[in-house]
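K.L.:
Sharing a structure with you now.
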Amino acid sequence: MTRQEVEELFTRRLEALARRDSAALAMLFSTDGVLESPTAGGTVHGRRAIEQVYRAWFTAFPDVTFTAEDALLIDGDRVAQRLMSAGTDTGGFLNLPPTGKAFRVPLVLLCRVADNKIVHERRIYDFTGMLIQIGVLKAKPGQ
């Protein structure tokens, strides 16, 4: 893929994230795409499973936003993107009752692309910190 094609793919992704469009986001992945995410409980394969991961996020956090923090880092078929994610747990996360609390966490996406699709994505973020922010986990005060 050319640099321009990669940039266009990730622009479409940001637009679909802004619309909270799980189906459109899943279609940006190859048919047998792989997504590694703490929210997914590890690794999921295929568009249907990837769409379910997005849907879980958008259900738990109906106001979630993703803001690109930097330009994409592109090296051949490898892409890194840094985002800021923020939202409020009004839909219930991980099948727990909604807490009504907000979170804000930086997120790094490490991707491999081919044929105008994302083939593999690894999400790196402070999952524990996010759970503390929304009140699902309690942090011990410093001693």
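K.L.:
Can you give me the ranges of the strands (runs of 3 or more DSSP E) entirely in segment 39-140 with at least 1 residues that are of a type in the set (D, E, K, R) and either surrounded by fewer than 17 Cβ atoms within 10 Å (Cβ to Cβ) or in contact (Cβ under 8 Å) with a residue 12 or more places away in the chain (or both)?
P.N.:
Correct list: 73-75, 78-88, 102-114, 117-125.
K.L.:
Could you say which residue among THR31, THR67 is over 17 Å from ARG122 (Cβ atoms), over 14 Å from the mean Cα position of the chain (by Cα) and modelled with pLDDT of 95 or more?
P.N.:
THR31
The values are calculated or read from the model by the stated rules, or taken from the named source; none is laboratory data. All values reported here derive from a predicted model rather than from experimental measurement. Virtual Cβ from ideal backbone geometry, glycine too; neighbours counted across all protein chains shown.
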